[in-house]
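What follows is one structure encoded as structure tokens, with my remarks underneath.
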Amino acid sequence: MERGLFRSVSVHEGNPQWGQSISRIKQLYKKADDIRSQFARDYTRILHSTAYRRLKHKTQVFFATHNDHICTRIEHVHHVASVSYTIANYLGLNTELTNAIAIGHDLGHAPFGHAGEEFLREIMLKEIRVLLFRKIILI
């Protein structure tokens, strides 16, 4: 594969989509002399967030207790960040944006992975049905 293949469509200041890419619903503080890009600031916000720090106590994969090579979610996030940075850099993509996405990609995941998501979805749908049923009866 060719180095810098996607440089022309990468999210950088010269890209026509730049303004849309850094726009926000609510304006965040902005320092006039800040040397960081919007994406570098996002990376820092994620890195210092409580949700990110909580990843250090969660395992990525559950397996037998005799295995001492348990990977925490925060380690997994760093592995993803390392690989994604290398790929983005080679392809000419915005590595600051890539880093922010990589370290934030596991925030808010349900316990027990996809099985946990399904379980929580079933609970939520059941509760919604109950609420709708109550509303219909009260009307």
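The values are calculated or read from the model by the stated rules, or taken from the named source; none is laboratory data. Everything quoted here is computed from the prediction, not taken from an experiment. So basically every Cβ, Gly included, is an ideal-geometry build from the backbone, and we count neighbours across all protein chains shown.
A few comments on the model shown:
- Tally, over the range 14-51, of residues that are surrounded by 10 or more Cβ atoms within 10 Å (Cβ to Cβ) and farther than 19 Å from residue 104 by Cα: 4
- Within the range 10-50, considering residues that are in contact with a helix residue (DSSP H, G or I) (Cβ under 9 Å, 6 or more places away or on another chain) and among the hydrophobic types (A, V, I, L, M, F, W, C), the one modelled with the lowest pLDDT: 28
- Looking only at the range 19-49, and only at residues there that are under 14 Å from the mean Cα position of the chain (by Cα) and of a type in the set (S, T, N, Q), the one that is nearest to residue 81 (Cα to Cα): 44
- Checklist (1) surrounded by 11 or more Cβ atoms within 10 Å (Cβ to Cβ); (2) more than 17 Å from residue 80 (Cα to Cα); (3) of a type in the set (S, T, N, Q) applied to residue 8, failing item: (1)
- Qualifying residues in the range 89-101 (those that are hydrophobic (A, V, I, L, M, F, W, C) and closer than 17 Å to residue 21 by Cα) - the one surrounded by the fewest Cβ atoms within 10 Å (Cβ to Cβ): 101
- Applying a threshold of 8 Å to beta carbon distances and a minimum spacing of six or more residues, or different chains, the list of pairs starting in the range 78-93 at a residue that is hydroxyl-bearing (Ser, Thr, Tyr) and ending at one that is surrounded by 15 or more Cβ atoms within 10 Å (Cβ to Cβ) reads 84/98; 84/99; 84/101; 84/102; 85/95; 85/98; 85/99; 85/102.
- Test for residue 62: is it of a type outside the set (Ser, Thr, Tyr) and modelled with pLDDT under 75: yes
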